[in-house]
Amino acid sequence: MSGELPANINIKEPRWDQSTFVGRANHFFTVTDPRNILLSNEQLENARRVVHDYRQGIVPPGLTENELWRAKYIYDSAFHPDTGEKMILIGRMSAQVPMNMTITGCMMTFYRTTPAVLFWQWINQSFNAVVNYTNRSGDAPLTVNELGTAYVSATTGAVATALGLNALTKHVSPLIGRFVPFAAVAAANCINIPLMRQRELKVGIPVTDESGDRLGESANAAKQAIAQVVVSRILMAAPGMAIPPFIMNTLEKKAFLKRFPWMSAPIQVGLVGFCLVFATPLCCALFPQKSSMSVTSLEAELQAKIRETYPELRRVYFNKGL
């Protein structure tokens, strides 16, 4: 290998120690950086070329370690870790903050009428469906029929939940009513994510040894991965949907918003955005991206296959998705 860089930089793994929460948080603050969605296709392709070349032992003259890591994180922000395909722009984790702050802010502002609930819950679940599909684990794609069924089921479930909760809060205080969108989003995540990733539950996701050698596919690993993502997503939404209602409830009693009611939506969007800038990476960091489980927790057939080939192996690893 030529060039200034050493040959032993492992860019298949994140730059920071992923066994600690702080290391994972640093990693995800970089991955979810909203500025990455402004990068051009040329910049993305250049980052991919640098990463692929380095893995093949080719280093452009003058490339520094910081530039290599920057290319790796640009690459990770736009290309799927299992398939290598360029991800849909709004489905990338770097789009989470700007997309979610806009959708969530409007969903919490216009929650009083049925048409508004229907529209914003539909928008939110359509966006979630794109994100869940884009950030799925493994390399087994959904068929068009499976994708359509999952989308309709998830969206219908979310909208029905929101309307049902809205009806129950007609006679309670406006402050409690403001929490209906969060309850609906939490319930919808429990529906949307498993449905959009149903193929993983049927055929399993790739499991590997610590070195990354593929051992087979496991539906049990998929269940653990999806459960971790559901928890992360609900907690990710919590600060942006739990803190602004208290602030907005107070502000709407003040003269400013009474005089300029149209400012309610932009203020709420801004508050949600501020919360999401921190909540998104910190909640993504709750569980390791390269998750693991005991060999004894796998399906019996896969356990037998692994014991035959790797009798000393105790744990397997898999990409949990996001």
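Quick notes on this structure:
- Inter-label distance, Asn220 to Thr102: 4.4 nm, where each label sits 7 Å from its Cα along the C-beta direction.
- Span-like helix ranges in the chain, DSSP H, alpha carbon extent 27 angstrom or more, Kyte mean at least -1.0: 114-134, 144-168, 219-251, 264-284
- Accessible surface area normalised per residue over the chain is 48 Å², counting heavy atoms of protein chains with a 1.4 Å rolling probe.
- Hits among lysines - C-alpha to C-alpha of Lys202 under 30 Å, sequence gap 8 or more where chains match: Lys12, Lys86, Lys223, Lys290, Lys305, Lys320
- Once you reduce the range 187-264 and the range 9-23 to the center of their Cα atoms, the two points are 23 Å from each other.
- Note on the range 21-86: Cα Rg divided by 2.2 N^0.38 Å, N the number of residues, gives 1.12.
- Most mobile listed residue (Met101, Met293, Met241) in the chain, GNM with C-alpha springs under 10 Å: Met293
- Sparse-neighbourhood loop sites, GluC sites (Glu not before Pro) in the range 1-84 - DSSP loop, at most 16 other Cβ within 10 angstrom: Glu4
- Just the protein heavy atoms count here, and of the accessible area of the chain at 1.4 Å, carbon and sulfur take up 62 percent.
- Modelled spin labels at Glu67 and Arg315, positioned 7 Å past Cα toward Cβ, are 3.7 nm from each other.
- Over the chain: helical MRE at 222 nm, DSSP H runs n ≥ 4 each giving -39500 (n - 2.57), nearest 500: -20000 deg cm²/dmol
- The range 166-277 - percent relative contact order, Cα under 8 Å, separation 6 or more: 25 percent
- Qualifying GluC sites (Glu not before Pro) in the range 151-259, where qualification requires a DSSP coil assignment and no more than 12 other C-beta atoms within 10 Å, comprise Glu210.
- Candidates Arg214, Arg307, Arg24, ranked by Gaussian network fluctuation over the chain, Cα under 10 Å, top entry: Arg307
- Residue-span extension gain [Ile90 to Phe278] - 0.36 nm each, minus C-alpha spacing: 65.8 nm
- Efficiency of FRET from Cβ geometry, Lys258 and Glu13, R₀ 45 Å, rounded to 0.05: 0.25
- For Glu13, the solvent-accessible surface with a 1.4 Å probe is about 70 Å², rounded to the nearest 10.
- Highest-fluctuation residue, Asn132, Asn46, Asn124 considered, GNM on the chain with Cα pairs under 10 Å: Asn46
- 17 Å cut-off, amide nitrogen to a point 7 angstrom out along Val231 Cα→Cβ, residues in the range 301-322: 318-322
- Normalised by the number of residues in the chain, the mean separation of alpha-carbon contacts (under 8 Å, six or more apart) gives a relative contact order of 20 percent.
The values are calculated or read from the model by the stated rules, or taken from the named source; none is laboratory data. This one's a predicted model, so the numbers in the text were calculated from it and none came from an experiment. Note that we place each Cβ from the backbone using ideal geometry, even for glycine, and neighbour counts take in every protein chain shown. Surface areas here come from the heavy atoms of the whole protein model, side chains and all, with no ligands, DNA or RNA. Shrake-Rupley method; radii C 1.70, N 1.55, O 1.52, S 1.80 Å.
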